[in-house]
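K.L.:
Would you mind keeping the following structure in view while I ask a few things?
The values are calculated or read from the model by the stated rules, or taken from the named source; none is laboratory data. What you are looking at is a predicted structure, and each value in this text was computed from that prediction instead of being measured. Cβ: placed from backbone, ideal geometry, glycine included. Neighbour counts: every protein chain shown.
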Amino acid sequence: MTVHALKEKSMPHSESHIPAHRGLMFDEALLIEQSSEGRSGVDLETLKGTKSRTGLATREAIGLPEVSEPQVVRHFTRLSQMNYSIDSGMYPLGSCTMKHNPRLNERVARLPGFANIHPLQPESTVQGALELTYTLQHWLAVLSGLPGVAMSPAAGAHGELAGMMVIRKAHEMKGNSRKIVLVPDSAHGTNPATAAMCGYTIKTIPSTKDAQVDIEALKAALNKDVAAFMLTNPNTCGMFESQVKEIADMRHKVGAYFYCDGANFNAIVGRVRPGDLGVDVMHFNLHKTFSTPHGGGGPGCGPVAVTKELTPYLPVPYVAKDGERYRLVTKAEHSVGRIKGFQGNFGMFVRALAYMMAHGADGLRQAAEDAVLNANYILSQLKDLYHVPFKGYCMHECLFTDKLQKEQGVTTMDIAKTLIEHGFHPMTVYIPLVVQGTMLIEPTESETKRTIDNFIAVMRLIAEKTAAGEGEAFHENPRSTPRRRLDEVAAAKNPKLKW
Ligand SMILES: Cc1ncc(COP(=O)(O)O)c(C=O)c1O
């Protein structure tokens, strides 16, 4: 075997300003010299026609790079350092709730009794895991005021699907053939998408100038053909829908169900029980309210909770208790059925319950209050320099637009990219769609005042430089990242997933 020399290559200055200590380029492993024998150093001729034990002929060397362990370690460590994560710094993505993932959760999830069980083990050998799931179902039921909980959906959007399938089933059981689902114009895109996947026609309800559902428009749209009204509360403008009780009463009068997108439950957990407000079905995003990791940090979990009336239609499986024994309910006569393999993402159940038990009921409420306080602090510190589209206090996230900066040619995108240059992950941009040039900022409860003050200072600096006519330079940001500004429309519409 040949040991190949690595070509060192530093990034051209115009491309990046990666600090020198980051050393080689991220594709170092791809720069390994190819030998005449092929990348693996194995003679291709020798391999041709060889039969493997399975009888499959191997015609080509498989092309694994010849690299030493330190090289591999450095390659992947360098790649990981190019990522920005909640463990690197503040991540104020509105509507995403990038809160700290406590290490306690990870320690508990790694306990061998939880980490090493198999989903096909006999029930008698996993009583502890079933008890944990049952306890989590119970906490979610108590916090939401909705007694029926199923844990298996694998994300918020999946929980929405499960919830809307429950609603569809309930109408079917009543012999209803309702066709319409009402969704406010400020809703997260998954709401209309879910209703459409369940075969419904979507009717959009406009928002008022105070970012509240337009009650008159809702009243006019409600009739016996409406299967459900979907509402996110607090809504995606960061405001509490104060007429939620009236909305619930209105839709009940025509026999429609009230779906609450509980993605923003982190702002009200411990203070408001959606069931008390007349909600029939809601989902939770465990990764938002209960601190389990997002996306690449681990699989998601979007449990769904329903009223007693709707409990028979919940997706299976869920856990029931008979005397002292816990039992997995895998079949129920009127259930919408199974929507996920096995029991769901059990590791996330462990993390969420660890978070809940570590905080207790008062700690969860405190987390929600701190999240709201932090967002209002940012709102109060930036409202003199950035346009605020909706007046009043916000909930867990505050909303600005680029209206004032645009007059100087600086857009929301420029502001977001300039934040990167100052070491912050950008806020959520151009969502919600009800106002132009939006910046949705969610600091969460887990940031310190000092970090939030630094963020505010950078945002103020950007606005002040823009006002002083120095905003031109922001069009070029970010300058010191491994990749400069991307054509995001092309990247979304024409993704190159291989190179
Ligand atoms: C309001 C709202 N609804 C639904 C979702 C979808 O949740 P998930 O990303 O877990 O599928 C999100 C996600 O951010 C959200 O903010």
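K.L.:
Could you check how many residues of the stretch 169-180 are surrounded by fewer than 22 Cβ atoms within 10 Å (Cβ to Cβ) and assigned to a helix (DSSP H, G or I)?
P.N.:
Qualifying residue count, the stretch 169-180: 4.
K.L.:
Something else about it: Is at least one residue of the stretch 215-223 out of contact with any strand residue (DSSP E or B) (no Cβ under 9 Å at 6 or more places or on another chain) and either part of a loop (DSSP other than H, G, I, E, B) or buried (at least 20 other Cβ atoms within 10 Å of the Cβ) (or both)?
P.N.:
Looking through the stretch 215-223, none of the residues is out of contact with any strand residue (DSSP E or B) (no Cβ under 9 Å at 6 or more places or on another chain) and either part of a loop (DSSP other than H, G, I, E, B) or buried (at least 20 other Cβ atoms within 10 Å of the Cβ) (or both).
K.L.:
If you check Met164, Met173, Met151, which single one turns out to be touching a Phe, Trp or Tyr at 6+ places or on another chain (Cβ under 9 Å), among the hydrophobic types (A, V, I, L, M, F, W, C) and either in the same structural domain as Thr428 (by TED's automatic domain parsing) or within 13 Å of the ligand (Cβ to nearest atom) (or both)?
P.N.:
Numbers: Met173 fails: either in the same structural domain as Thr428 (by TED's automatic domain parsing) or within 13 Å of the ligand (Cβ to nearest atom) (or both); Met151 fails: either in the same structural domain as Thr428 (by TED's automatic domain parsing) or within 13 Å of the ligand (Cβ to nearest atom) (or both).
Result of the check over Met164, Met173, Met151: Met164.
K.L.:
Please work out which residue is surrounded by the most Cβ atoms within 10 Å (Cβ to Cβ), limiting yourself to the stretch 457-498 and to residues that are polar (S, T, N, Q) and either modelled with pLDDT under 95 or in a helix (DSSP H, G or I) (or both).
P.N.:
Selected residue: Thr466.
K.L.:
Being in contact with a Leu (Cβ under 8 Å, 6 or more places away or on another chain) and farther than 26 Å from Asp487 by Cα is the filter here, so list the residues in the stretch 394-416 that pass it.
P.N.:
Just the residues of the stretch 394-416 that are in contact with a Leu (Cβ under 8 Å, 6 or more places away or on another chain), to begin with: 394, 397-400, 404.
Selection gives Cys394, Glu397, Cys398.
K.L.:
Next up: Look through Ala187, Ala220 and report the one residue that is under 20 Å from the mean Cα position of the chain (by Cα) and either within 16 Å of the ligand (Cβ to nearest atom) or over 28 Å from Thr133 (Cα atoms) (or both).
P.N.:
Details: Ala220 fails: under 20 Å from the mean Cα position of the chain (by Cα).
That would be Ala187, the only listed residue that is under 20 Å from the mean Cα position of the chain (by Cα) and either within 16 Å of the ligand (Cβ to nearest atom) or over 28 Å from Thr133 (Cα atoms) (or both).
K.L.:
Counting only residues that are hydrophobic (A, V, I, L, M, F, W, C) and under 28 Å from Thr97 (Cα atoms), give me the strands (runs of 3 or more DSSP E) lying completely in the stretch 277-353 with at least 2 of them.
P.N.:
Details: elements: 281-284, 304-306, 318-322, 325-329.
Answer list for the stretch 277-353: 281-284, 304-306.
K.L.:
Related question: Can you find a residue in the stretch 124-136 that is within 16 Å of the ligand (Cβ to nearest atom), surrounded by fewer than 22 Cβ atoms within 10 Å (Cβ to Cβ) and among the polar types (S, T, N, Q)?
P.N.:
We begin by selecting, within the stretch 124-136, every residue within 16 Å of the ligand (Cβ to nearest atom); these are none.
Checked the stretch 124-136: no residue is within 16 Å of the ligand (Cβ to nearest atom), surrounded by fewer than 22 Cβ atoms within 10 Å (Cβ to Cβ) and among the polar types (S, T, N, Q).
K.L.:
Okay, moving on. Give me the pairs: first residue in the stretch 266-286 and free of Cβ contacts under 8 Å to residues at least 24 places away in the same chain and more than 14 Å from the ligand (Cβ to nearest atom), second residue of a type in the set (A, V, I, L, M, F, W, C) and not in a helix (DSSP H, G or I), beta-carbon distance under 9 Å, and six or more apart or on different chains, which are they?
P.N.:
Sorted first by the residue in the stretch 266-286, then by its partner, the pairs are Val272/Phe240.
K.L.:
Among the residues of the stretch 284-333, which ones are modelled with pLDDT under 95 and small (Gly, Ala, Ser)?
P.N.:
Gly295, Gly296, Gly297, Gly298, Gly300
K.L.:
Can Ser186 be described as under 20 Å from Ala267 (Cβ atoms) and of a type in the set (S, T, N, Q)? Reasoning before the result, please.
P.N.:
On the way: under 20 Å from Ala267 (Cβ atoms): yes; of a type in the set (S, T, N, Q): yes.
Spelling it out, Ser186 is indeed under 20 Å from Ala267 (Cβ atoms) and of a type in the set (S, T, N, Q).
K.L.:
May I ask you to verify whether Val319 is crowded, with 17+ Cβ neighbours inside 10 Å and more than 21 Å from the chain's Cα centre (by Cα)?
P.N.:
Details: crowded, with 17+ Cβ neighbours inside 10 Å: yes; more than 21 Å from the chain's Cα centre (by Cα): yes.
It is true that Val319 is crowded, with 17+ Cβ neighbours inside 10 Å and more than 21 Å from the chain's Cα centre (by Cα).
K.L.:
Look at Phe240 and say whether it is of a type in the set (Phe, Trp, Tyr), within 16 Å of the ligand (Cβ to nearest atom), farther than 19 Å from Ala155 by Cβ and part of a strand (DSSP E or B). If you could, list the steps in order and put the result at the bottom.
P.N.:
Values: of a type in the set (Phe, Trp, Tyr): yes; within 16 Å of the ligand (Cβ to nearest atom): yes; farther than 19 Å from Ala155 by Cβ: yes; part of a strand (DSSP E or B): no.
For Phe240, the condition - of a type in the set (Phe, Trp, Tyr), within 16 Å of the ligand (Cβ to nearest atom), farther than 19 Å from Ala155 by Cβ and part of a strand (DSSP E or B) - is not met.
K.L.:
Still on this structure, I have one more. Which count do you get for residues in the stretch 417-456 that are more than 15 Å from Ile378 (Cα to Cα), in a loop (DSSP other than H, G, I, E, B) and of a type in the set (Val, Ile, Thr)?
P.N.:
Number satisfying all stated conditions: 3.
K.L.:
Taking only pairs six or more apart or across chains, which ones have beta-carbon atoms under 7 Å, a first residue in the stretch 153-164 that is farther than 19 Å from Phe346 by Cα, and a second residue that is of a type in the set (Gly, Ala, Ser) and assigned to a helix (DSSP H, G or I)?
P.N.:
Met164/Ala195
K.L.:
Against the conditions (1) in contact with a helix residue (DSSP H, G or I) (Cβ under 8 Å, 6 or more places away or on another chain); (2) closer than 29 Å to Pro184 by Cα; (3) of a type outside the set (A, V, I, L, M), where does Glu447 fall short? Just the number, please.
P.N.:
Glu447 satisfies every listed condition except (2).
K.L.:
Could you grab me the full set of residues in the stretch 349-365 that are touching a residue at least 40 places away in the same chain (Cβ under 8 Å) and either surrounded by fewer than 18 Cβ atoms within 10 Å (Cβ to Cβ) or under 22 Å from Gly94 (Cα atoms) (or both)?
P.N.:
Of all residues in the stretch 349-365, those touching a residue at least 40 places away in the same chain (Cβ under 8 Å) come to 349-356, 358, 361-362, 364-365.
Matches in the stretch 349-365: Ala352, Tyr355, Ala358, Ala361, Asp362, Leu364, Arg365.
K.L.:
Give the stretch 252-266 a look and list any residue that's under 31 Å from the mean Cα position of the chain (by Cα) and surrounded by fewer than 24 Cβ atoms within 10 Å (Cβ to Cβ), or say none. Explain how you work it out, then say what you get.
P.N.:
Quick first cut of the stretch 252-266, residues under 31 Å from the mean Cα position of the chain (by Cα) only: 252, 256-266.
Answer for the stretch 252-266, where residues must be under 31 Å from the mean Cα position of the chain (by Cα) and surrounded by fewer than 24 Cβ atoms within 10 Å (Cβ to Cβ): just His252.
K.L.:
Please enumerate the residues belonging to the stretch 387-407 that are closer than 14 Å to Ile441 by Cα and either touching a His at 6+ places or on another chain (Cβ under 9 Å) or surrounded by 22 or more Cβ atoms within 10 Å (Cβ to Cβ) (or both).
P.N.:
Of everything in the stretch 387-407, those that are closer than 14 Å to Ile441 by Cα and either touching a His at 6+ places or on another chain (Cβ under 9 Å) or surrounded by 22 or more Cβ atoms within 10 Å (Cβ to Cβ) (or both) turn out to be Cys394, Met395, His396, Glu397, Cys398, Leu399, Phe400, Thr401, Asp402.
K.L.:
Taking Arg107 as the residue in question, decide whether it is of a type in the set (Lys, Arg), part of a helix (DSSP H, G or I), on the phi < 0 side of the Ramachandran plot and more than 16 Å from the ligand (Cβ to nearest atom).
P.N.:
On the way: of a type in the set (Lys, Arg): yes; part of a helix (DSSP H, G or I): yes; on the phi < 0 side of the Ramachandran plot: yes; more than 16 Å from the ligand (Cβ to nearest atom): yes.
Yes; evaluated as a whole, the condition is true for this residue.
K.L.:
Return the residue satisfying two criteria in turn: it lies in the stretch 243-265 and is part of a helix (DSSP H, G or I) and within 16 Å of the ligand (Cβ to nearest atom), and of such residues it is nearest to Pro153 (Cα to Cα).
P.N.:
Residues of the stretch 243-265 part of a helix (DSSP H, G or I): 244-253, 265.
Next, only the ones that are within 16 Å of the ligand (Cβ to nearest atom) stay: 244, 265.
Values: Val244: 26, Phe265: 17 Å.
Looking at residues that are part of a helix (DSSP H, G or I) and within 16 Å of the ligand (Cβ to nearest atom), I get Phe265.
K.L.:
While we're looking at this one, here's another question. Quick check on Tyr393: is it part of a helix (DSSP H, G or I), aromatic (Phe, Trp, Tyr) and under 25 Å from the mean Cα position of the chain (by Cα)? Full working, then the answer.
P.N.:
Values: part of a helix (DSSP H, G or I): no; aromatic (Phe, Trp, Tyr): yes; under 25 Å from the mean Cα position of the chain (by Cα): yes.
Against the criterion (part of a helix (DSSP H, G or I), aromatic (Phe, Trp, Tyr) and under 25 Å from the mean Cα position of the chain (by Cα)), Tyr393 does not qualify.
K.L.:
Test Val410 against the stated conditions and say whether it is surrounded by fewer than 20 Cβ atoms within 10 Å (Cβ to Cβ) and outside the structural domain of Ala267 (by TED's automatic domain parsing). Reasoning before the result, please.
P.N.:
Details: surrounded by fewer than 20 Cβ atoms within 10 Å (Cβ to Cβ): no; outside the structural domain of Ala267 (by TED's automatic domain parsing): yes.
When the stated conditions are applied, Val410 does not pass them.
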